[in-house]
1. Run down ILE235, ILE244 and say which single residue is under 15 Å from the mean Cα position of the chain (by Cα), away from ligand 1 (no atom under 16 Å from the Cβ) and either buried (at least 24 other Cβ atoms within 10 Å of the Cβ) or of a type in the set (A, V, I, L, M, F, W, C) (or both).
2. Among residues belonging to segment 247-282 that are near ligand 1 (Cβ under 10 Å from one of its atoms) and β-branched (Val, Ile, Thr), point out the one that is surrounded by the fewest Cβ atoms within 10 Å (Cβ to Cβ).
3. In segment 254-269, is there at least one residue being touching a Lys or Arg at 6+ places or on another chain (Cβ under 8 Å) and at pLDDT below 95?
4. Scan segment 113-122 and tell me whether some residue there is in contact with a helix residue (DSSP H, G or I) (Cβ under 8 Å, 6 or more places away or on another chain) and within 16 Å of ligand 3 (Cβ to nearest atom).
5. Against the condition over 21 Å from the mean Cα position of the chain (by Cα) and farther than 30 Å from MET251 by Cβ, how does TYR48 come out, does it pass?
6. Please work out which residue is farthest from ligand 2 (Cβ to nearest atom), limiting yourself to segment 233-245 and to residues that are assigned to a strand (DSSP E or B) and under 12 Å from PHE130 (Cα atoms).
7. What's the number of the condition GLY72 fails, among (1) surrounded by fewer than 23 Cβ atoms within 10 Å (Cβ to Cβ); (2) more than 30 Å from GLU162 (Cβ to Cβ); (3) modelled with pLDDT of 95 or more?
8. All but one of (1) more than 13 Å from ligand 2 (Cβ to nearest atom); (2) modelled with pLDDT of 95 or more; (3) on the phi > 0 side of the Ramachandran plot; (4) not basic (Lys, Arg) hold for GLY127; state the number of the condition that does not hold.
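The values are calculated or read from the model by the stated rules, or taken from the named source; none is laboratory data. Bear in mind that the values here come from a model prediction, so they are computed numbers and not experimental data. Don't worry about glycine lacking a Cβ; one is built from the backbone with ideal geometry, like all the others, and counts go over all protein chains shown.
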Amino acid sequence: MTNKITLLPGDGIGPEVISAAVKVANFIAEKFNISFDYQEKLIGGCSYEKFGVPLTEDTLQSCYDSDAVLLGAVGGYQWENLEHHLKPEAALLKLRKSLGLFTNIRPAKVYSAFINSSSLKPKVLAGTDFVVFRELTGGIYFGEPRGYNDKRGWNTMEYSYEEIERIVVKAFETARKRRKSVTSVDKANVLEVSQFWRKVVAEVAKNYSDVELKHMYVDNAAMQIVREPSQFDVIVTGNLFGDIISDIAGMITGSLGMLPSASLGNRYALYEPVHGSAPDIAGKGIANPIAAIASAAMMFDHSFGMTKAAEIIEAGIEKTLSEGYRTKDIAGEDDKIVSTERMTEIILENIETVFNEQALGVFTL
Ligand code: NAD
Ligand code: IPM
Ligand code: MN
């Protein structure tokens, strides 16, 4: 079986972490007897530099023609003042919209080996395992009118019934397979769009009487995530709130460099770390590759139905962390600090060990 994958390394640390994810994907493909046909394309600032636009038709077409897209990150200081539609970030938004990727899944999982290294206390982290369902193709990111002039700036936060319903259904379906709890996050005490969101969520919930539903205001949710993260199972929210909430969730896992994501629609799928292009550390070889590698794991799970492969990758990451290896962003005093490349090598070795133990029946996931 050959699967087409479009690689979009992008800007900053994007190429560094995507190269790590590809090494892992290739290793798994070989072990599981599948093959990948990669198309590597430009997106973001690097595309703007070469073609004058951050997303070309050629890049978009390659994504349409692929079974999955693996993206690094876009953006950088040098492109911050470009016109809105030429900014690297505009390319990512256009790509998500064009591919219809309305469900963005961002799992906040605490690696047990890491529980003493997080900036939160171990007793706060104990039992934390939640997933954020962020609506990705609507809300204030895309609402019209939008713009600014010399005197004012404006955007529109808007959701249709269908846009809310389809992401909320995904969240409830997932909750059913987990701990059967959905927290819908909004700002219904102030925003009409959130009042409408709440109404739709409540209607969808009627079909899931086995799942508990809580509504929570976004400001309280931000606080609760660092106060008692274990209370959450599935969080579902709109585009802007989901963006913010998922960066907070990134710190729960220890660093933004650890948090993967899957963006899914009815037809296409894109996998990318939650973090950005980290221009402050780009080119130094110190970026944490775990978010990108874990994003590849999500690709095996969601796009190729290879749950076992995903679990082996996760176990390889966990083993590496338990041996004390850390990139700089997650290192404590007694940890072994390693480069992006070395971290990737060790993760690969550990994936191989886990794979072999699995084959011998020693290790059970
Ligand atoms: P960022 O996520 O790039 O970086 C925030 C901080 O986290 C930085 O200190 C960075 O060094 C650190 N960090 C992030 N990823 C890391 C990793 N893998 N390993 C180690 N440290 C890591 O966010 P920012 O600084 O606000 O944004 C930088 C640029 O990235 C901007 O242009 C922004 O628009 C863009 N951005 C892109 C995406 C994306 O492509 N999906 C996501 C977020 C931000
Ligand atoms: C993310 C990023 C993007 C977003 C930016 C770069 C457009 O922050 O994927 O979380 O806001 O969605
Ligand atoms: Mn973000």
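1. Values: ILE244 fails: away from ligand 1 (no atom under 16 Å from the Cβ).
Unique residue meeting the criteria: ILE235.
2. Per the stated criteria, the residue is ILE281.
3. Within segment 254-269, one or more residues are touching a Lys or Arg at 6+ places or on another chain (Cβ under 8 Å) and at pLDDT below 95.
4. Within segment 113-122, not a single residue is in contact with a helix residue (DSSP H, G or I) (Cβ under 8 Å, 6 or more places away or on another chain) and within 16 Å of ligand 3 (Cβ to nearest atom).
5. Details: over 21 Å from the mean Cα position of the chain (by Cα): yes; farther than 30 Å from MET251 by Cβ: yes.
Criteria met by TYR48.
6. At the first step, the residues of segment 233-245 found to be assigned to a strand (DSSP E or B) are 234-237.
If we keep only those that are under 12 Å from PHE130 (Cα atoms) too, we end up with 234-236.
On the way: VAL234: 18, ILE235: 15, VAL236: 16 Å.
Looking at residues that are assigned to a strand (DSSP E or B) and under 12 Å from PHE130 (Cα atoms), I get VAL234.
7. If we test GLY72 against (1) surrounded by fewer than 23 Cβ atoms within 10 Å (Cβ to Cβ); (2) more than 30 Å from GLU162 (Cβ to Cβ); (3) modelled with pLDDT of 95 or more, just (1) comes out false.
8. Unmet condition: (2).
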